[in-house]
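Participant: Below: one structure in structure tokens.
The values are calculated or read from the model by the stated rules, or taken from the named source; none is laboratory data. What you see is a predicted model, and the numbers here were worked out from it, not measured in a lab. All Cβ positions, even for glycine, are placed from backbone atoms using ideal geometry, and neighbour counts span all protein chains on display.
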Amino acid sequence: MATVRLHHVGKTYPNGQIALKDIDLSIPDGELMVVVGPSGCGKSTLLRVLAGLETITHGELWIDDKRANDLSPQQRNIAMVFQDYALYPTMSVRENLSFPLKMRKLSSAEIRHKVTWAADLLDLGEVLERLPRQLSGGQRQRVAMGRALVREPSVFLLDEPLSNLDTKLRAQVRTEIGDLQKRTGTTMIYVTHDQIEAMTLGHRITILDQGVIQQIATPEALYEHPASSWVAGFIGTPPMNLAEALMTVSPSHVEIIIGQETVATLSKENPPVFVKTALENGHSVLMGIRPEALLIATDHEPGFMATVTTIEYLGHETLVHLRPLGAPASMNWIIRAHGQSTLKVGSQIRLERLKEESLHFFRF
């Protein structure tokens, strides 16, 4: 097990493409850090830099108290699991697990002990004599993880390890990976584009976009306190509703207006920082609210009108797309309705005024 520190790390390819920009990241011993972001954001490049498969253009990589920039992959004691498993097709599960140990010239007794330990840990005891083609996708992924674990690496890197599995199997193996990390205490860095994997697995999450770290936080902090509108629009399924909002000031409060509707009132005494800045400079503000915080109003509650534009029935819930009256045609907000909704496309509904504590404000 080990700590990992990247200090102002950058990676530029010979063609001038910048893959990583000034990455500052510290991963303590025993943490499961998830790195998430859109395709091409630099996630896999970051793992390859850690593993020593790519050189660092500038900055420093430290593994425990060793500067690792110039260490070979073998010297770093890092194990990597790829999305395509990379198992030897003509070797049995036992032989696949044994192979890295034989390369290190361990004794037969040590190899048997480590293979048995990994097989018990990953529930592979009954398939040790099978070939990879005789295994399910989940079993093949566990073999790939076992082959890495028997080396007793200081750091475990996983690059989109569940991308080849179906939805049900992904959920099962995701749980197994989380349990495995807890039992072994191994430092893990897990790359994915899947938000569910990121939010359910990570002790902390690093969000990357265009090679730049956008935010590092716990899953709860990312969801409740996104650092920017980009993060707010990326984290969450469906993502946060965002809209440009105008403001008017009365003696006692600030009104937030979208289209023709007043959607919220804020205390004038201590407004959010971006609202205060916008008021001082006379411009609008970018406001966000999570879908679950948008509620249909009862007859006696103050609210605002919106038009239903699309309905998506998902079984356990219905996602209702709507647009406040007078808002631009491009604007699309989503609310969650439990089960099957009786709302119809084209109908108008009244929503509750938005609660101040549910609102997020961002810089344009």
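Participant: Select, from GLY59, GLY40, GLY16, the only residue that is surrounded by fewer than 16 Cβ atoms within 10 Å (Cβ to Cβ) and under 15 Å from VAL212 (Cα atoms).
Facilitator: None of the other options fit; the residue is GLY40.
Participant: Can you say whether GLU54 is without any contact (Cβ under 8 Å) to a residue 60 or more places away in the chain, out of contact with any helix residue (DSSP H, G or I) (no Cβ under 6 Å at 6 or more places or on another chain) and surrounded by fewer than 20 Cβ atoms within 10 Å (Cβ to Cβ), as far as the supplied structure shows?
Facilitator: no
Participant: Sticking with this structure for a sec: Within the range 250-278, how many residues turn out to be touching a Ser or Thr at 6+ places or on another chain (Cβ under 7 Å), charged (D, E, K, R) and assigned to a strand (DSSP E or B)?
Facilitator: Qualifying residue count for the region: 1.
Participant: Counting only residues that are under 17 Å from the mean Cα position of the chain (by Cα), under 13 Å from TYR85 (Cα atoms) and either surrounded by fewer than 16 Cβ atoms within 10 Å (Cβ to Cβ) or at pLDDT below 80 (or both), how many does the range 153-172 have?
Facilitator: Residues in the range 153-172 being under 17 Å from the mean Cα position of the chain (by Cα), under 13 Å from TYR85 (Cα atoms) and either surrounded by fewer than 16 Cβ atoms within 10 Å (Cβ to Cβ) or at pLDDT below 80 (or both): 1 in total.
Participant: Ok, one more. Among the candidates ALA293, ALA327, ALA306, single out the residue that is touching a residue at least 40 places away in the same chain (Cβ under 8 Å), under 15 Å from LEU359 (Cα atoms) and crowded, with 16+ Cβ neighbours inside 10 Å.
Facilitator: Just one listed residue meets the conditions, ALA293.
Participant: Can you tell me how many residues within the range 319-358 are among the β-branched types (Val, Ile, Thr), more than 19 Å from MET240 (Cβ to Cβ) and within 31 Å of the chain's Cα centre (by Cα)?
Facilitator: Residues in the range 319-358 being among the β-branched types (Val, Ile, Thr), more than 19 Å from MET240 (Cβ to Cβ) and within 31 Å of the chain's Cα centre (by Cα): 0 in total.
Participant: Within the range 331-342, can you find the residues that are at pLDDT 90 or above and either among the small types (Gly, Ala, Ser) or part of a loop (DSSP other than H, G, I, E, B) (or both)?
Facilitator: MET331, ASN332
Participant: Then there's this: Out of (1) out of contact with any Pro (no Cβ under 6 Å at 6 or more places or on another chain); (2) in contact (Cβ under 8 Å) with a residue 12 or more places away in the chain; (3) within 18 Å of PRO153 (Cβ to Cβ), the odd one out for THR3 is which?
Facilitator: Exception for THR3: condition (1).
Participant: Which of the helices (runs of 4 or more DSSP H) contained wholly in the range 170-249 include at least 2 residues that are free of Cβ contacts under 8 Å to residues at least 40 places away in the same chain and in contact with a His (Cβ under 7 Å, 6 or more places away or on another chain)?
Facilitator: Once the helices (runs of 4 or more DSSP H) in the range 170-249 are filtered for at least 2 residues that are free of Cβ contacts under 8 Å to residues at least 40 places away in the same chain and in contact with a His (Cβ under 7 Å, 6 or more places away or on another chain), nothing remains.
Participant: If a residue must be buried (at least 17 other Cβ atoms within 10 Å of the Cβ) and either within 19 Å of the chain's Cα centre (by Cα) or not assigned by TED's automatic domain parsing to the domain that holds GLN83 (or both), how many such residues does the range 181-193 contain?
Facilitator: 7
Participant: Go through (1) of a type in the set (D, E, K, R); (2) crowded, with 21+ Cβ neighbours inside 10 Å; (3) farther than 18 Å from VAL49 by Cα; (4) in contact (Cβ under 8 Å) with a residue 60 or more places away in the chain one by one and return the number of the condition ARG142 breaks.
Facilitator: Single failed check for ARG142: (4).
Participant: Can you name every residue in the range 109-133 that is assigned to a helix (DSSP H, G or I), aliphatic (A, V, I, L, M) and free of Cβ contacts under 8 Å to residues at least 40 places away in the same chain?
Facilitator: Residues satisfying the conditions are ALA109, ILE111, VAL115, ALA118, ALA119, VAL127.
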